[in-house]
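A quick write-up on the structure given underneath.
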Amino acid sequence: MKRILLLGGNGFLGSALTRYLSTRGFAVTSLSRKIPKEQLDGVRYVGSNYENIAVLSEELRQADTVIHLAWDTTPASSSSQPSLEIATNLAPLSRLIEAMQRDFNGCLLFVSSGGGAVYGQPEQLPHTAISESLLPAPLSYYGASKVAAESLLHAFSSRTGTPVTVLRPSNIYGPGQLPKKGFAVIPTLLTTLRENRVFEIVGNMHSSRDYLYVDDFCHLLSMCIQKSGTMRGHETYNVCSGHSTTLAELIGHSEKVSGNKAKLRQIDARKEDPNIVELSGAKADDHFSWSSETSLTEGLESTWQWINNLNLS
């Protein structure tokens, strides 16, 4: 049984991964600052940040695979304070690398970003999806920090021989994701539809993104773990649905799923937001025979059902 150490296991994606992996035969330890109130049977919960070296070192020695999800910023939250990226993300990651050099003998999976934060807004030909070979050109300090983290981990892998897999997911959504200012567009949109409030359009209705259902991402990550024994060196994969959806299309799908009409207000686009994000998942398909299985309509229906039953008061 593979032993998984999940760093940042108490957020939306961490909670989803903990549930997904623990029900598929993995021994999961979830390490986060706060232990969740609702705990899953068979999962070890450790209440600590990963700057607590004594606790971290002990957990690293027991783990076959480390999944790094711990990230404290969003593109908006550090837009006027880039030092947050250093203090809350890159400095702790550097200390984690120091601990892994001493105490870890396994595979590391790092969840980066592919939703435009890393790639920026490339000058691409019409209908040409972005592949992993494109050089990063982030528009936000958040994206630049993700690129810096990837570079640190590449150096770590080169120096130690530790297998490092970087996953660049598109916009992940699904049940369990709460609305968040400047982030998480789908739960924000569905919540405004539920409560008959105004949804703010950032930029224009033609801006497009790739939206990936959370269970599809968890599925690929579990495949990475299963193949971790054969992994060598450093690899990077886009993880996406392979379909770019405009904001107008997303609103239309959400209105149909909810049965409600959206109230809209347009605000200026942010400098850190690219207008179009279209990713290629061909490499993940080639290496893992993986592709997204959940249509946007199916994913929105599941997410709407969860939000509609949620007590948001």
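Just name one of LEU310, SER291, THR191: the one whose Cα is farthest towards the positive end of the charge dipole of the chain (beta-carbon charges, Lys/Arg +1, Asp/Glu -1).
Farthest towards the positive end: LEU310.
In degrees between 0 and 90, to the nearest 10, how far off the longest principal axis of the chain does helix 214-226 point, with axes built from Cα atoms?
Roughly 20 degrees, rounded to the nearest 10.
Just the number, please: percent antiparallel of the DSSP beta bridges in the range 183-313, rounded to the nearest 5.
35
Relative to the longest principal axis of the C-alpha atoms of the chain, give the angle of the C-alpha long axis of helix 53-62, reported between 0 and 90° and rounded to the nearest 10°.
80
Using Cα centres only, tell me the gap between the range 85-160 and the range 23-55 in whole Å.
A separation of 24 Å, based on Cα centres.
Which trypsin sites (Lys or Arg not before Pro) in the range 1-68 sit in a loop by DSSP (not H, G, I, E or B) and have at most 10 other Cβ atoms within 10 Å of their own Cβ?
When the trypsin sites (Lys or Arg not before Pro) of the range 1-68 are filtered for loop state and at most 10 Cβ neighbours within 10 Å, LYS34, LYS37 remain.
With angles folded into 0 to 90 degrees, how steeply does helix 296-308 sit against the dominant principal axis of the chain? Use alpha carbons for both and round to 10.
Long axis of 296-308 versus the principal axis of the chain: about 90 degrees.
Under the 0.36 nm per residue contour assumption, what length would be gained going from the current alpha-carbon distance of ARG95 and ILE276 to full extension?
The ARG95-ILE276 span can extend by a further 61.6 nm.
Of THR74, GLY120, GLY47, which is farthest towards the positive pole of the range 1-150's charge dipole, taken about the Cα centre with +1 and -1 on the beta-carbons of Lys, Arg and Asp, Glu respectively?
Value: GLY47.
Please report the spacing between the Cα centers of the range 226-243 and the range 174-207 in Å, no decimals.
30
Compute the distance in nm between two label points, each set 7 Å from the Cα along the Cα-to-Cβ direction, one at THR128 and one at ASN309.
So the two model labels end up 4.6 nm from each other.
How much length is gained if the chain between ARG24 and ARG232 is pulled fully straight, taking 0.36 nm per residue apart and subtracting their Cα-Cα distance, in nm to one decimal? Write out the running numbers ahead of the final one.
Working: separation 208, 0.36 × 208 = 74.88 nm, distance 2.43 nm.
Full-extension gain reported as 72.4 nm.
Could you list the residues of the range 145-189 with an amide nitrogen less than 17 Å from a label point located 7 Å from the Cα of LYS283 in the Cα-to-C-beta direction?
146-158, 163-171, by backbone N distance to the label point.
Hey, could you pull the Cα Rg and Dmax for the range 158-313, both in Å?
Both quantities, over Cα of the range 158-313: 17.4, 55 Å.
May I ask you to derive the FRET efficiency for GLU298 and LYS34 from their Cβ-Cβ distance with R0 = 45 Å, giving the value to the nearest 0.05?
Efficiency, from the Cβ-Cβ distance: 0.90.
Between ARG44 and ARG159, 0.36 nm times their residue separation minus their Cα-Cα distance comes to what?
Length difference between fully extended and current span is 38.3 nm.
Given H placed on each backbone N at 1.01 Å, which residues far from GLY9 in sequence or on other chains put an amide H within less than 5 Å of it?
Residues meeting the amide H criterion: LEU31, SER32.
Long-range amide H contacts for ALA137: which residues qualify at under 5 Å (H placed 1.01 Å from N, peptide plane, sequence gap of 5 or more or a different chain)?
TYR119, GLY120
Near LYS180, which lysines are there with a Cα under 29 Å away, not counting those fewer than 8 places off in the same chain?
LYS34, LYS37, LYS146, LYS256, LYS261, LYS263, LYS271
Considering only DSSP beta bridges where both residues belong to the chain, give the percentage that are antiparallel (nearest 5).
Antiparallel: roughly 10 percent of the beta bridges in the chain.
Among the trypsin sites (Lys or Arg not before Pro) in the range 243-298, which ones are in a DSSP loop with at most 16 other Cβ atoms within 10 Å of the Cβ? Mind listing them? Could you put the intermediate results ahead of the total?
On the way: sites: LYS256, LYS261, LYS263, ARG265, ARG270, LYS271, LYS283; in loops: LYS261, ARG270, LYS271.
Listed in order of number, the matching sites are LYS261, ARG270, LYS271.
Relative to 2.2 N^0.38 Å, what does the C-alpha radius of gyration of the chain come to as a ratio? Two decimals please.
In units of the 2.2 N^0.38 Å rule of thumb, it is 0.97.
None of the figures in this text is laboratory data; all of them are computed from the coordinates on show. Everything numeric here is computed off the predicted structure, so don't read it as measured data. Methodologically, a virtual Cβ is constructed for each residue, glycine included, from the backbone with ideal geometry; neighbour enumeration extends over all protein chains shown.
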